[in-house]
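Just so it is clear, none of the values below were taken in a lab; they were calculated from the coordinates. Since this is a predicted model, take the numbers as computed values, not measurements. Don't worry about glycine lacking a Cβ; one is built from the backbone with ideal geometry, like all the others, and counts go over all protein chains shown.
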Amino acid sequence: MKNIQINHAQKGFTLIELMIVVAIIGILAAIAIPQYQDYIARSQVTRVVGEISALKTSAEEQLMRGVTPSPDLASVGFTSSDLLGSTAISFDAAGEGTMTGTMGGSAGSAVSGATITVARTAGGAWSCFVTAASGGGWDDSYAPSGCPTSP
């Protein structure tokens with residue numbers, strides 16, 4: 001009789017190999033998830049700044065015709081936003097005024113309660129600033145560079 005030697009190759013992964021993979025995934029998740037949440041918060045604030053800033057054209061056009069934009073946001077073309085809890089517009093006869101939006105609705109918890117204000121001077125200069133949310137999760141990096149956080 002002839003002895004036949006059978007070579008048994010390893011099939012599958014060892015426990016230590018699986019534990020190393022799980023540890024690597026855990027470390028990556030611990031870094032990636034907070035970065036992703038910051039990205040979402042920044043994008044939501046930037047989106048609301050864009051939505052409110054888009055109303056400047058309509059408000060400016062009305063002011064150039066000698067019409068004071070009414071407090072009704074529909075008068076300047078605003079329809080709705082799922083990131084805004086409340087919005088307001090206020091202009092005087094000289095053309096000075098503000099358009100504001102307070103984040104709420106489906107906005108993230110870190111930015112919910114932040115107020116974006118787009119203001120116009122009587123001379124026609126527009127400015128923008130963000131009043132930070134009071135919830136404690138706010139970071140000044142959430143405000144876009146052209147619309148800084150107010151002191």
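Odds and ends about this structure:
- Among residues of segment 101-133, those that are polar (S, T, N, Q) and either part of a strand (DSSP E or B) or closer than 15 Å to SER53 by Cβ (or both), counted: 5
- Filter pass, VAL48 being of a type outside the set (Lys, Arg), under 24 Å from ALA143 (Cβ atoms) and assigned to a helix (DSSP H, G or I): yes
- Within segment 120-144, considering residues that are within 23 Å of GLY95 (Cβ to Cβ) and among the aromatic types (Phe, Trp, Tyr), the one nearest to the chain's Cα centre (by Cα): PHE129
- Residues (surrounded by 13 or more Cβ atoms within 10 Å (Cβ to Cβ), closer than 23 Å to GLY77 by Cβ and not hydrophobic (A, V, I, L, M, F, W, C)) located in segment 99-151: THR100, GLY101, THR102, GLY104, GLY105, THR115, THR117, ARG120, SER127, PRO144
- Picking from residues in segment 134-151 that are without any contact (Cβ under 8 Å) to a residue 12 or more places away in the chain and in a loop (DSSP other than H, G, I, E, B), the one that is nearest to GLY66 (Cα to Cα) is SER145.
- Hey, SER81 farther than 17 Å from CYS147 by Cβ and surrounded by 11 or more Cβ atoms within 10 Å (Cβ to Cβ) or not: no
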